[in-house]
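J.: Dumping the structure here so I can ask a few things about it.
The values are calculated or read from the model by the stated rules, or taken from the named source; none is laboratory data. Since this is a predicted model, take the numbers as computed values, not measurements. Every residue, glycine among them, receives a Cβ derived from its backbone with ideal geometry; neighbour counts consider all protein chains shown.
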């Protein structure tokens, strides 16, 4: 098998929090606490889960927007978690990002021409002004915007158009991997579909790998190849799309899927309602982190943390229930 484009091995990111009167007593937010996965070239891997589960922190760690606490991030066989600021330059060209909010991710003082030209100049991708202009025109065509958009500023566009500009900015660096951090969550339903279709077309045209971070399972089902389900800083299930949506193994995955709205409100459903709130990442539960809300939890869940183990068909699950004989479930 070929080497994956991206490998994340036991990634951890803990943020310090100062408590007490004089803020001398440190505690930690275990935002990401041992996450591992791979992304192949041309593949879409979706990270899904409730707000606060650590999805965006994983994306920002891969982008090296901050230093990680432990683990490894490997891009095309080379560790990037240890790179110096100078060494990060070539990595940043290969890994780009599309942010969630198209209203705050673009500089309102800059024209679209300058926004798109910045990465081209930064990475030396145009040898002459004429080549730069040709690249700008091609980028605008690629994201389906009119050519006069180059001379306008972000406030003159709708949210969907701004997100197209954000995608064009990411493409300007000619990357191999794009991290889409809730890239469609701030858009209207019809615009979401247009942006998702655009991302799929660009992936096919340029051979891009996508790390698609989202809480919208309907969108994920439409565009992904594999899904990693996160809960409280850990991956609880990782599998191809078909297995996740037709034969989920982890109780949390089943609960997420049962909460997805369906077109027919009269359709027969058996929703799985979770009790209680998500525990604090400052003091996560002992054992399985989901046991405080899981309707199937038993004694082992409360004392022993489950490992992410294979159940066959490229499906991985972190659940003690899967280790029990069928008659004991």
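J.: May I ask you to list the residues in segment 212-245 that are more than 14 Å from the chain's Cα centre (by Cα), outside any strand (DSSP E or B), in contact (Cβ under 8 Å) with a residue 12 or more places away in the chain and over 19 Å from residue 195 (Cα atoms)?
T.: Of everything in segment 212-245, those that are more than 14 Å from the chain's Cα centre (by Cα), outside any strand (DSSP E or B), in contact (Cβ under 8 Å) with a residue 12 or more places away in the chain and over 19 Å from residue 195 (Cα atoms) turn out to be 232, 241, 243, 244, 245.
J.: Identify, by number, the condition in (1) surrounded by fewer than 19 Cβ atoms within 10 Å (Cβ to Cβ); (2) touching a residue at least 12 places away in the same chain (Cβ under 8 Å); (3) not in a loop (DSSP other than H, G, I, E, B) that residue 114 doesn't meet.
T.: Failing condition for residue 114: (2).
J.: Then there's this: Going residue by residue through segment 188-208, is there one that turns out to be at pLDDT 95 or above, on the phi < 0 side of the Ramachandran plot and part of a strand (DSSP E or B)?
T.: Scanning segment 188-208 turns up no residue that is at pLDDT 95 or above, on the phi < 0 side of the Ramachandran plot and part of a strand (DSSP E or B).
J.: Restricting to segment 45-61, count the residues that are more than 10 Å from the chain's Cα centre (by Cα) and within 17 Å of residue 97 (Cα to Cα).
T.: Of the residues in that region, 1 qualify.
J.: Another one. With (1) modelled with pLDDT of 90 or more; (2) under 22 Å from the mean Cα position of the chain (by Cα); (3) assigned to a loop (DSSP other than H, G, I, E, B); (4) surrounded by fewer than 18 Cβ atoms within 10 Å (Cβ to Cβ) as the list, and residue 260 as the residue in question, which single condition is left unmet?
T.: Against the list (1) modelled with pLDDT of 90 or more; (2) under 22 Å from the mean Cα position of the chain (by Cα); (3) assigned to a loop (DSSP other than H, G, I, E, B); (4) surrounded by fewer than 18 Cβ atoms within 10 Å (Cβ to Cβ), residue 260 comes up short only on (1).
J.: If we keep just the residues of segment 312-326 that are within 28 Å of the chain's Cα centre (by Cα) and part of a loop (DSSP other than H, G, I, E, B), which is modelled with the lowest pLDDT?
T.: 313
J.: Can you find even one residue in segment 29-36 that is buried (at least 18 other Cβ atoms within 10 Å of the Cβ), touching a strand residue (DSSP E or B) at 6+ places or on another chain (Cβ under 6 Å) and closer than 15 Å to residue 97 by Cβ?
T.: no
J.: Can you tell me which residues in segment 137-173 are assigned to a loop (DSSP other than H, G, I, E, B) and touching a strand residue (DSSP E or B) at 6+ places or on another chain (Cβ under 9 Å)? Spell out the reasoning first.
T.: Our first condition is that a residue be assigned to a loop (DSSP other than H, G, I, E, B); within segment 137-173, this holds for 143-146, 152-153, 157-158, 173.
Within segment 137-173, 173 is the sole residue that qualifies.
J.: Among 289, 300, 309, which is the only one that is farther than 25 Å from residue 57 by Cα and at pLDDT 90 or above?
T.: Only one candidate passes the filter, namely 300.
J.: Next question. Could you count how many residues in segment 167-204 are free of Cβ contacts under 8 Å to residues at least 12 places away in the same chain and more than 20 Å from residue 262 (Cα to Cα)?
T.: 3
J.: Next up: Give just the number: which of (1) in contact with a helix residue (DSSP H, G or I) (Cβ under 6 Å, 6 or more places away or on another chain); (2) surrounded by fewer than 19 Cβ atoms within 10 Å (Cβ to Cβ) does residue 185 not satisfy?
T.: Of the numbered conditions (1) in contact with a helix residue (DSSP H, G or I) (Cβ under 6 Å, 6 or more places away or on another chain); (2) surrounded by fewer than 19 Cβ atoms within 10 Å (Cβ to Cβ), the odd one out for residue 185 is (1).
J.: Provide a single number: the residues in segment 77-90 that are at pLDDT 90 or above and part of a helix (DSSP H, G or I).
T.: Matching residues across segment 77-90 total 0.
J.: I need the full set of residues from segment 226-247 which are over 29 Å from residue 14 (Cα atoms) and touching a helix residue (DSSP H, G or I) at 6+ places or on another chain (Cβ under 9 Å), in order please.
T.: Across segment 226-247, the qualifying residues are 241, 245.
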